[in-house]
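All of the numbers you see were taken from the coordinates with simple rules; none came from a lab. What you see is a predicted model, and the numbers here were worked out from it, not measured in a lab. Here the Cβ is made from the backbone with ideal geometry for all residues, glycine too, and neighbour counts use every protein chain on show.
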Amino acid sequence: MVDKLDYIHKGDTLKFLESINTKVDLVVSSPPYNIGRGKEKRKSLDLYIAYQTKVLEQCSRLLKPSGSIFWEVGSYTDETGHYPLDILMFPIFQKLGMFPKNRIIWPRAHGLQASKRFTDRHEAILWFTKSPDKYRFYLDNVRIPQLYPNKKEWAGPNKGKLSGNPLGKNPGDVWLFENVKHNHEEQCIHPAQFPESLIKRIILSTTKKNDVVLDPYMGSGTTAVVAKDLKRHYLGAEIDSEYHILIKRRLSGKPQNGKFVNLKQLRQYFAKHPKSNSADFSFDAQTSKVPSTVATTDLGKTLFDKEELWHAISVLFNSKLKMNGN
């Protein structure tokens, strides 16, 4: 296959990865969950891990020496037990000679309910780099607002000076981004989407403009959409025909027979064409008769601000538990 950029291959990702030699700056993806829902066929855990090992070998081969891999996974459960996939994936990266930088936790407020154990309410994102120290990390690009931005030192040599970085604080390794489900403006027909703001944080913190971002499991195309918006090149594969079409529609930003892929895309269109009639358009996951063309929140802001709100709520909640003696 002739190597190309800004391209989504239709077909098996392993065969695609084996056929190219394009060097990439970042790999970010979420492999199939292997839970047998929707279009996915459930495999034994051994077969699943063996296939993912081959995919990661190819990702490592294509990754530049300064590059990073962010690999988002959940867990595998069968009659024998519960197996967090990040724990099983960790040694694969180590055998590839890669270096761990973070195990990021993404809490999920909703999802399947368990009856014989505590319900899963988080997924993990493993961050590995090709080099132990010569990797890219641009923290200032992804800082979030300080909880108390004007707080100053009250004593010592820095008395009167700001106690925190004026650009904001490090986001930490617990990322409280919203899950893309019902009533989320980014929701498409794909059942498992990355929030655009999550991918934005990863891309901004580890790449520069014109760098190449690879997603071997494109799914709904969020990685490609965000990479394009941030002026990075994208590359990836999607085996499902319906989702491959979805990605192309999402990247075009244009309606197909009056229908957009999601509400966000529709709202962006109406921001540029305010005189259009909203009744003439719809989006794939729409349930109302007429879509709301104006967001109730500032669409220009990412979820970085909302993350602080969630943090404040969690602090209050934990404080209440402690006050109740639990």
> Using a basic spin-label model with each label point 7 Å from the Cα along Cα→Cβ, how many nm lie between N165 and A271?
Replying inline: 2.7 nm
> Got a sec? How would W106, W154, W127 order by Cβ neighbour count within 10 Å, fewest to most?
Replying inline: W154, W106, W127
> Considering amide H positions built from the backbone, and no H for Pro or chain starts, which residues 5 or more places from N102, or on another chain, come under 5 Å of its amide H?
Replying inline: W127
>> Need the full-extension length gain, S278 to K23, defined as separation in residues times 0.36 nm minus the C-alpha distance. One decimal, nm.
In response: 87.4 nm
> Each residue of region 13-29 in turn: what ³J(HN,Hα) in whole Hz from Karplus with 6.51, -1.76, 1.60 and θ = phi - 60°, glycine and Pro shown as x?
Replying inline: 6, 5, 4, 5, 4, 5, 8, 10, 10, 5, 7, 10, 9, 8, 10, 9, 6
> When N counts the residues of region 1-126, how does its alpha-carbon radius of gyration compare numerically with 2.2 N^0.38 Å, as a ratio?
Replying inline: 1.14
> When you count, for each residue, the other Cβ atoms within 10 Å and take the mean per peptide, how do 21-27, 173-179 rank with the highest first?
Replying inline: 21-27, 173-179
>> Suppose each label sits 7 Å from its Cα in the direction of the beta carbon; what would the A155-N102 distance come out to in nanometres?
In response: 3.4 nm
> Taking a label point 7 Å from the Cα of K259 along the Cα→Cβ vector, which residues of region 221-251 have an amide N closer than 12 Å to it?
Replying inline: 246
>> Expected output is a single nm value to one decimal: the length gained when fully extending between E57 and E178, i.e. 0.36 nm times separation in residues minus the C-alpha distance. What is it?
In response: 40.5 nm
